[in-house]
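Q: Before anything else, here's the structure in question.
The values are calculated or read from the model by the stated rules, or taken from the named source; none is laboratory data. Not measured: the values here are computed from a predicted model. We place every Cβ from the backbone using ideal geometry, glycine too, and count neighbours over all the protein chains shown.
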Amino acid sequence: MSILAESHPDQAGRFSCAQAGCPKCMEELLRENERLVHGVVQRQCWGRSEYSDLIQEGRIGLWRAIVGYEAGRGNAFSTYAWKAIRNQVWGAVRRSNKAESWLEGDEGGDNLGEIVSDWQREQVGQAIGEELDCLPERMRQVIELAYGLDGQDPMSLAAIGRKLGLTRERIRQIRNEALVLLRLPALSLGLRSLSEQASRSAYRHALGLNRTWLRRRRGMR
């Protein structure tokens, strides 16, 4: 039997629900597709990386695949997720190898602080990029423009609306929907760890913001 778990049409609703922030649907999809994570990790050589660490990275990749999957396009989720998991694991391995090579290459130790600072800045930038990669294109574009992540100065919601041909209110909705996704624990794990915001209280605060926004959105319908 193939290790790939094909997606069925009746699952589209669960993906939409999970992407909207439903923890039950997300947990079910993660549990049902856990074997994809082990399949990716078991089928390649990852050097000196620990198996348990790679599994955790693979689960982050699976979470991102669930968040970014568009069931209406007709592509099998298993194929989409396999690539997302593999890319997540390979990214972690590359970061680990690069950090080790930098530290091992610093014979005198005089530049260690500078090396670590450069590495941290690069990791933060990469973590932000990886989070944004899981968003739909329009959401990613709005977040980049609103916070100046494309190298330009941050833009107002009205200016973004003019640029994209949408109303200011629609841009605000898209931005808030993107922030809900970006706050999800597994999605934000890498960036939170780097910025020392990975405590339980920080996660509870983020999830509280999500619940508040989702309640308001339901109330406006």
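Q: Considering only the stretch 35-42, I want to know if a residue exists there that is touching a residue at least 12 places away in the same chain (Cβ under 8 Å), under 25 Å from Thr212 (Cα atoms) and of a type in the set (Gly, Ala, Ser).
A: So far as the stretch 35-42 goes, no, none of its residues is touching a residue at least 12 places away in the same chain (Cβ under 8 Å), under 25 Å from Thr212 (Cα atoms) and of a type in the set (Gly, Ala, Ser).
Q: Do we have any residue at all in the stretch 139-157 that's of a type in the set (Lys, Arg) and either modelled with pLDDT under 80 or over 14 Å from the mean Cα position of the chain (by Cα) (or both)?
A: no
Per-residue answers, yes or no, for (1) more than 11 Å from the chain's Cα centre (by Cα); (2) part of a helix (DSSP H, G or I); (3) more than 14 Å from Arg31 (Cα to Cα):
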residue: Gln56; (1), (2), (3): yes, yes, no
residue: Trp63; (1), (2), (3): no, yes, no
residue: Ile66; (1), (2), (3): no, yes, no
residue: Tyr80; (1), (2), (3): yes, yes, yes
residue: Lys83; (1), (2), (3): yes, yes, yes
residue: Trp90; (1), (2), (3): yes, yes, yes
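Q: Go through (1) surrounded by fewer than 21 Cβ atoms within 10 Å (Cβ to Cβ); (2) over 22 Å from Ser16 (Cα atoms); (3) of a type outside the set (S, T, N, Q); (4) modelled with pLDDT of 85 or more and name the single condition Tyr80 misses.
A: Evaluating Tyr80 over (1) surrounded by fewer than 21 Cβ atoms within 10 Å (Cβ to Cβ); (2) over 22 Å from Ser16 (Cα atoms); (3) of a type outside the set (S, T, N, Q); (4) modelled with pLDDT of 85 or more leaves (2) as the failure.
Q: Same structure, new question: Only residues in the stretch 1-27 that are at positive phi count as the first member; pair them with residues that are of a type in the set (Lys, Arg) and modelled with pLDDT of 70 or more, Cβ under 8 angstrom, at least 6 apart or cross-chain, and list the lot.
A: Close Cβ pairs satisfying both conditions: Gly21/Arg211.
Q: Next question. If Ile3 meets every condition in (1) modelled with pLDDT under 80; (2) surrounded by 15 or more Cβ atoms within 10 Å (Cβ to Cβ); (3) in contact with a Lys or Arg (Cβ under 8 Å, 6 or more places away or on another chain) apart from one, which number is that one?
A: With respect to (1) modelled with pLDDT under 80; (2) surrounded by 15 or more Cβ atoms within 10 Å (Cβ to Cβ); (3) in contact with a Lys or Arg (Cβ under 8 Å, 6 or more places away or on another chain), Ile3 is out only on (2).
Q: A follow-up question, please. Is one or more of the residues making up the stretch 57-65 surrounded by fewer than 24 Cβ atoms within 10 Å (Cβ to Cβ) and over 14 Å from Glu34 (Cα atoms)?
A: no
Q: Could you figure out which of (1) at pLDDT below 90; (2) crowded, with 19+ Cβ neighbours inside 10 Å; (3) under 24 Å from Thr212 (Cα atoms) isn't true of Pro185?
A: (2)
Q: Mind checking whether some residue in the stretch 97-106 is modelled with pLDDT under 70 and within 21 Å of Val40 (Cα to Cα)?
A: There is at least one residue in the stretch 97-106 that is modelled with pLDDT under 70 and within 21 Å of Val40 (Cα to Cα).
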